[in-house]
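Computed from the coordinates by the stated procedures, all read-outs in this text should not be read as laboratory data. Keep in mind that this is a model prediction, so the values were computed, not measured. As a convention, Cβ positions derive from the backbone with ideal geometry for all residues, glycine included, and neighbour counts pool all protein chains shown.
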Amino acid sequence: MLYETLAEAYDEVETTSGSLEKTRIFSELLQKADPSEVSQIVALTIGKLHPDWKSEPEIGIAEKMAIQVVAAAASVSESDVQKTLRETGDIGSTAEALLKESAQATLFAQDLTVSFIYDILDQAAKASGSGSNKAKVSKLVGLLTDAKPIEARYILRTVTGSLRLGLGHMGLIDALAIAFTGDKDARTDIEAAFNVCSDLGEVASILANDGIEAVRKTKTNVGIPIRMMAAKKLSSPEEILQKGGGKVLVENKYDGERVQVHKNENEVVLFSRRQEVITAQYPDVVELVQQHVKAKTCVMEGECVAIDPSTGKMRPFQELMRRRRKTDIEATQAEVPVAVFFFDILFADGKDVTSLPMLKRRELMEKIVETTDRVQLTVAELTDDPERLQAIFEEAIGSGHEGVIAKATHKDSTYQAGSRSWLWIKLKASYTEGLADSADLVIVGAIHGRGKRTGLYGAILASAYDIDNDTYPTVCKIGTGFTDEMLVEFKERLEKHKVEQKNPKVISDIEADVWFEPVEVIEVLGDEITLSQTHSAGRKILKDGGLAIRFPRFTGRWRDDKGPTQATSVDDLVEAFERQRGISE
């Protein structure tokens, strides 16, 4: 397939408003592709050449390098590129406009195929060493020299991580179902396969080459992360018991990092919530698993918690994150030792056990985990009494935990990979006042500080994630509750993510002084969720405007364990707003 064909489909999808129509257009594009190209098309459309867990380098380049590439390809100065960029607000459209004016665009250009584009971007991503940036620029300039203007638009958007199609993972899954089975109903099987192999390109390749029956045979493999199950949130013990089926297993919610542990004989791999391999950050956890998890092969989930080496007491999440940011692991390991609290098992000695009820999975863990002071199962208690549930919650808070998670125990209390359901319900300390729960928001912009804050950021603009449209609509501007140390850390952390123009995926009616790539995620508390004419989150769902978090404040917690697409979703906010108004089911 010519890349121009893909670019034209991208253009049609981008300029179409309805999600059903976007899906139809893309499904027709997939039908035209050779089966060998389908995984590459999916990878390019997601904006990742490889899934995170493969630890392969990605092509993502900063705006500054993109400007250099466009300037060289179009034979203009970087200042000319910056001028056009200010007018278009998009590096892809800037490349398209400047290449249209360039005579070079029409001379001696070769036709570019999807596979050729994928391979060149992969080669550029893997360039390493002292001359790697120069090599990246050279390869991208070569691509743009041969590219038609519309192709240049989407090549630049792909490499800067801003394709702006409004077609997320679920939209792609729908398109795959229609393209290769003729029926959207097949999305359930495709999504199930994606949830256990965490590589949509691979699932797409199986579907295109071998059909839906082969997709249905996709199984859990030790060493390949399973997409993690998530909890819903409620504020009432009575309602939790009702949703949970009358009796729930109430577990402490620890202030740590969730890890998915894969053990194959003596080989142990640790995956983060973001599906990144974090084995190197926790060599002591690897050793603990090798010594105290008795299954030959298994996949388990647990909370990795920092502990005080002198007292054995738990330390805050931010202390644990020092382990993720330090390169001297041995020294930090001594300073910040950890304990692991397992709470679920998904695979054991050759068998997928996700279909077992919660209590059966708990029994299985009890058999294979040898408990010590640093390896334990989560503290948990069965109850059908709302007063006891509330008491367990208060005991957990008093012990320094975040709160509790109540898990259904009925016969259908399976582990639902990749889903957020009423089988797990979170009750956290923040329920006791203000907003029903903290929100994890993506920083997208900032307002310059004044007075004592001169030279720092006076306010931070934060967004939720819109899963359906793959965008980041704003939900609040945070300007109070910052300590001096917090303000300095904001400046230091965000500086490397600054961009000249607002990222096209960021939907904001507020004009920030500084824009950032949507990368960093922070935890935010507020008093309530309100309708807003200023903020855009939920505007396409609600009739009366968007949603805003009222009186937002930063908790001091950076969610280094979460990527931007794992931030609080627009759907989560709409659901919380409706519950707040008492109009939910």
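Please order Ile120, Ile478 by the number of other Cβ within 10 Å, starting at the fewest.
Ile120, Ile478
Place a point 7 Å from Cα of Ser421 in the direction of its Cβ. Which residues in region 166-207 have their backbone N less than 17 Å from it?
187-197
So for the chain, taking the charge dipole from beta-carbon charges (+1 Lys/Arg, -1 Asp/Glu), which of Gly312, Ser438, Ile41 sits furthest toward the positive end?
Result: Gly312.
Please report, in cubic angstrom per residue, the volume enclosed by the convex hull of the alpha-carbon atoms of the chain. Can you show the working numbers first?
On the way: hull volume 94.9 nm³, N = 585.
Looking at the chain, the number lands at 162 Å³ per residue.
Could you give me the radius of gyration and the Dmax of region 272-384, taking only the C-alpha atoms into account and expressing both in angstrom?
Over region 272-384's Cα set, Rg and Dmax evaluate to 14.9, 47 Å.
Taking the Cα centroid of region 98-168 and of region 67-85, what is the distance between the two, rounded to the nearest whole Å?
14
What percent do you get for the relative contact order of the chain when only Cα pairs under 8 Å and 6+ apart count?
Relative contact order, the chain: 13 percent.
Given points 7 Å out from each Cα along the Cα-Cβ axis, report the Glu511 to Glu578 separation in nanometres with one decimal.
3.6
Would you kindly compute the Cα radius of gyration of region 230-432 and its largest Cα-Cα separation (Dmax), both in Å?
For region 230-432, the Cα-based Rg and Dmax read 16.7, 49 Å.
Nearest 20 debye, what's the magnitude of the dipole of the chain about its Cα centre given +1 on Lys and Arg Cβ and -1 on Asp and Glu Cβ?
560
Just to confirm a number: summing +1 for Lys and Arg and -1 for Asp and Glu over residues other than Val76 whose beta-carbon lies under 15 angstrom from that of Val76, what do you get?
Residues close to Val76 contribute a combined charge of -2.
What ranking do Lys233, Lys496 get, fewest neighbouring Cβ atoms within 10 angstrom at the top?
Numbers: Lys233 23, Lys496 11.
Ascending Cβ contact count within 10 Å gives the list Lys496, Lys233.
What ranking of Trp422, Trp53 emerges when the number of other C-beta atoms within 10 Å of each C-beta is taken as an exposure proxy, fewest first?
The most exposed by this proxy come first: Trp422, Trp53.
Sticking to Cα atoms, compute the Rg of region 48-159 to one decimal and its Dmax as the biggest Cα-Cα distance, whole number, in Å.
Expressed in Å, the Cα Rg and Dmax of region 48-159 come to 13.6, 43.
Report the local net charge at Glu301: Lys and Arg +1, Asp and Glu -1, summed over other residues whose C-beta lies under 11 Å from its C-beta.
So the environment of Glu301 carries a net charge of +1.
Just to confirm my numbers, what's the Cα centroid distance between region 332-365 and region 1-60 in Å?
36
Tell me, what is the percent relative contact order of region 230-432, built from C-alpha pairs under 8 Å that lie six or more residues apart?
33
Any aspartates and glutamates with Cα under 19 Å of the Lys360 Cα? List them, leaving off those in the same chain fewer than 8 positions away.
Counting by Cα, and skipping residues close in sequence, Lys360 has these aspartates and glutamates nearby: Glu251, Glu301, Asp344, Asp349, Asp352, Glu370, Glu381, Asp384, Asp412.
As I understand it, the value is the acute angle between the Cα axis of helix 19-32 and the longest principal axis of the Cα atoms of the chain; what does it come to in degrees, rounded to 10?
Value to nearest ten degrees: 70.
As a check on your grasp of the helix formula, calculate [θ] at 222 nm for the chain: sum -39500 (n - 2.57) over DSSP H runs of n ≥ 4, divide by the residue count, round to the nearest 500. Mind showing how you got there, number by number?
Values: 22 runs with 227 residues, N = 585.
It comes out at -11500 deg cm²/dmol, rounded to the nearest 500.
On a 25 Å Cα-Cα criterion, which of the cross-link pairs Lys48/Lys253; Lys64/Lys148; Lys367/Lys411; Lys22/Lys100 come out too long? Can you show the working numbers first?
Working: Lys48/Lys253 32 Å; Lys64/Lys148 22 Å; Lys367/Lys411 21 Å; Lys22/Lys100 27 Å.
Check vs 25 Å cut-off fails for Lys48/Lys253; Lys22/Lys100.
When N is the residue count of region 441-585, what does its C-alpha Rg come to as a fraction of 2.2 N^0.38 Å?
Computed over Cα atoms of region 441-585, the ratio equals 1.00.
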